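Undergrad: Dropping the structure in here first, questions after.
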Amino acid sequence: MSFVFKKIENLNVAINTATGIGCNTINQKPTFIMEKNETIVLGLVWQIIRAGLLIKISLNDNPNLMRLAYEGETREDLMKLSQEELLLRWVNYHLDNNENYDGEPIKNFSKD
């Protein structure tokens, strides 16, 4: 019985840590993870990966992101964008400069 308690305790720490880095953990329960609920587990893992990817996306950390500015945009304009918006700009910049890609720019990181 204490083994199950330790598992729940460890999973609560993991869920609370995910909350601490900005993940949405509403309805996340240790038992869902223990039951291998794929939707819940993959959703949480994706949020953790996303948080890790976005944490260092800023003009202060990466001044070269100014290359993503549209004509007439200033550094201040780019500073107002969220990390996700900057990442979208970066992806679209590379898609636009890829001769093998002929699709539309992406608008989000889910359905697109």
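Undergrad: Can you tell me how many residues in the range 6-36 are exposed (fewer than 14 other Cβ atoms within 10 Å of the Cβ) and among the charged types (D, E, K, R)?
TA: 4
Undergrad: Would you check if there is a residue in the range 84-95 being surrounded by 14 or more Cβ atoms within 10 Å (Cβ to Cβ) and assigned to a loop (DSSP other than H, G, I, E, B)?
TA: No, every residue in the range 84-95 fails to be surrounded by 14 or more Cβ atoms within 10 Å (Cβ to Cβ) and assigned to a loop (DSSP other than H, G, I, E, B).
Undergrad: Same structure, new question: Examine the range 63-78 for a residue that is of a type in the set (Lys, Arg) and in contact with a Leu (Cβ under 7 Å, 6 or more places away or on another chain), and state whether such a residue exists.
TA: Scanning the range 63-78, I find at least one residue that is of a type in the set (Lys, Arg) and in contact with a Leu (Cβ under 7 Å, 6 or more places away or on another chain), so the answer is yes.
Undergrad: What pairs come up if the first residue lies in the range 77-100 and is without any contact (Cβ under 8 Å) to a residue 24 or more places away in the chain, the second is surrounded by 10 or more Cβ atoms within 10 Å (Cβ to Cβ) and not aliphatic (A, V, I, L, M), and their beta carbons are under 8 Å apart, counting only those six or more places apart or on different chains?
TA: As it stands, the answer is Leu81/Arg89; Leu88/Lys107; Leu88/Phe109; Asn92/Pro105; Leu95/Tyr101; Leu95/Pro105; Asp96/Pro105, since those pairs meet every condition given.
Undergrad: Please count how many residues of the range 58-83 are within 28 Å of Gly43 (Cβ to Cβ) and in a helix (DSSP H, G or I).
TA: Residues that pass the stated criteria total 1.
Undergrad: So if I check each of Ala69, Ala18, which one is among the hydrophobic types (A, V, I, L, M, F, W, C), closer than 21 Å to Glu84 by Cα and touching a residue at least 12 places away in the same chain (Cβ under 8 Å)?
TA: Checking each option against the conditions leaves just Ala18.
Undergrad: Right, another one. Only residues that are β-branched (Val, Ile, Thr) and either open to solvent by 100 Å² or more (accessible area, probe 1.4 Å) or farther than 14 Å from Phe109 by Cβ (or both): list them for the range 42-56, please.
TA: Residues satisfying the conditions are Val45, Ile48, Ile55.
Undergrad: Can I ask one more? So Lys36 fits all but one of (1) modelled with pLDDT under 90; (2) within 30 Å of Ile8 (Cα to Cα); (3) in a loop (DSSP other than H, G, I, E, B); what number is the exception?
TA: Just one mismatch for Lys36, condition (1).
Undergrad: Could you figure out which of (1) open to solvent by 70 Å² or more (accessible area, probe 1.4 Å); (2) among the polar types (S, T, N, Q); (3) over 24 Å from Phe109 (Cα atoms) isn't true of Thr39?
TA: Here Thr39 clears every test but (3).
Undergrad: What about Leu59, is it at pLDDT below 90 and either exposed (fewer than 15 other Cβ atoms within 10 Å of the Cβ) or of a type in the set (A, V, I, L, M) (or both)?
TA: Judged against the criteria, Leu59 is a match.
The values are calculated or read from the model by the stated rules, or taken from the named source; none is laboratory data. A quick note: this is a predicted structure, and the numbers were derived from the prediction, not measured. Cβ atoms come from the backbone with ideal geometry, glycine included; neighbour counts cover every protein chain shown. Heavy atoms of the whole protein, side chains included, go into the accessibility calculation; ligands, DNA and RNA do not. Shrake-Rupley method; radii C 1.70, N 1.55, O 1.52, S 1.80 Å.
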